[in-house]
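Input: a single structure, listed below in structure tokens.
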Amino acid sequence: MTMLAENLERLEEAIAEACRRAGRGRDEVELMAVSKTRPAETIAEAAGLGLTLFGENRVQEYAAKAPALHAADLWTSTMRERLRVHLIGHLQSNKAARAVELFDGIDSVDSVRLAERLNEAAGKHGKRLPILIEVKLSPEETKAGLEPEAAEAAQLLERLPDLEHLETRGLMTIAPWGVPEDVTRACFRSLRGWRERWAAAHPRLRLDMLSMGMSGDFALAIEEGATRIRVGTALFGKRAPWKGAE
């Protein structure tokens with residue numbers, strides 16, 4: 001058994017245990033493998049183990065490895081058809097068109113301008129693009145996302161139902177780093193609360209998904225209602241920094 005296979009086995013056990021504690025079924029939580037900085041061969045190995053959903057942080061990085069990722073010698077036709085790769089990192093609106101070409105979903109929409117750019121690009125490609133709204137619930141300046149009480153958030157929620165080439169599926173957040181467990185839980189509960197509030201106020205929007213929880217806190221996220229967790233280090237091991245520039 002490879003290291004990746006062993007890591008996946010341990011991860012699945014931990015996910016199943018968190019689901020049991022929360023009284024939830026394992027099928028209620030989707031696992032996204034965060035493959036940023038990982039080579040195409042590693043992603044192909046993960047797909048061979050049954051993983052189908054991957055998260056990348058940068059347009060430029062994924063564009064560089066996409067040709068190798070889709071090379072015929074890495075994939076069976078079934079694996080290639082099942083593979084979905086989403087952008088989970090911050091996206092500048094001037095890279096929206098390229099992102100629509102490359103990705104199967106954008107999980108970090110945080111402005112009306114970006115949403116409109118994505119909608120326009122998706123229309124040109126004949127796509128209906130799944131998106132998540134990224135919500136900033138941490139005081140850290142390095143965190144991206146919409147402040148939930150900001151005017152921009154209200155404007156985006158009003159605008160999204162009319163962007164016919166976007167399929168809004170829910171919300172995403174990143175909990176603050178290095179904080180006590182109760183602070184992490186409060187962040188995840190807050191996202192769930194905003195989802196419930198916004199879903200009631202905007203019935204034309206589908207906000208079923210809560211993407212929250214990473215390698216260090218996914219169990220807490222599951223207990224607080226996550227429907228998608230984003231795991232990189234616990235699956236692939238410690239990653240080397242990306243050496244590109246964007």
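If you check every pair at least six apart or on different chains, which have Cβ atoms under 6 Å apart with a residue in the stretch 43-64 that is touching a residue at least 24 places away in the same chain (Cβ under 8 Å) and farther than 11 Å from Gly89 by Cβ first and a residue that is among the small types (Gly, Ala, Ser) and surrounded by 18 or more Cβ atoms within 10 Å (Cβ to Cβ) second?
Here the result reads Ile43/Ser35; Ala46/Ala33; Leu51/Ala33; Phe54/Ala33; Phe54/Ser35, each pair linking the stretch 43-64 to a residue that is among the small types (Gly, Ala, Ser) and surrounded by 18 or more Cβ atoms within 10 Å (Cβ to Cβ).
Counting just the residues of the stretch 170-219 that are part of a strand (DSSP E or B) and in contact (Cβ under 8 Å) with a residue 60 or more places away in the chain, which one comes out nearest to His90 (Cα to Cα)?
If we take residues in the stretch 170-219 being part of a strand (DSSP E or B) and in contact (Cβ under 8 Å) with a residue 60 or more places away in the chain, then Met172 is nearest to His90 (Cα to Cα).
State all residues of the stretch 220-239 that are modelled with pLDDT of 95 or more, part of a loop (DSSP other than H, G, I, E, B) and touching a helix residue (DSSP H, G or I) at 6+ places or on another chain (Cβ under 9 Å); if no residue qualifies, say none.
Glu224, Gly225, Ala226, Thr227, listed by residue number.
Please work out which residue is surrounded by the most Cβ atoms within 10 Å (Cβ to Cβ), limiting yourself to the stretch 150-169 and to residues that are assigned to a helix (DSSP H, G or I) and without any contact (Cβ under 8 Å) to a residue 24 or more places away in the chain.
Once the filter is applied, the top-ranked residue is Ala153.
Quick check: anything in the stretch 119-140 touching a residue at least 12 places away in the same chain (Cβ under 8 Å), among the polar types (S, T, N, Q) and more than 23 Å from His202 (Cβ to Cβ)?
yes
Going residue by residue through the stretch 81-98, is there one that turns out to be small (Gly, Ala, Ser), at pLDDT below 95 and under 30 Å from Gly50 (Cβ atoms)?
no
Regarding the stretch 171-180, can at least one residue be identified that is crowded, with 20+ Cβ neighbours inside 10 Å, at pLDDT 95 or above, touching a His at 6+ places or on another chain (Cβ under 9 Å) and within 25 Å of Gly50 (Cβ to Cβ)?
Within the stretch 171-180, none of the residues are crowded, with 20+ Cβ neighbours inside 10 Å, at pLDDT 95 or above, touching a His at 6+ places or on another chain (Cβ under 9 Å) and within 25 Å of Gly50 (Cβ to Cβ).
The values are calculated or read from the model by the stated rules, or taken from the named source; none is laboratory data. Model, not experiment: these values are computed from the prediction. Note that each Cβ is placed from the backbone with ideal geometry, even for glycine, and that neighbours are counted across all protein chains shown.
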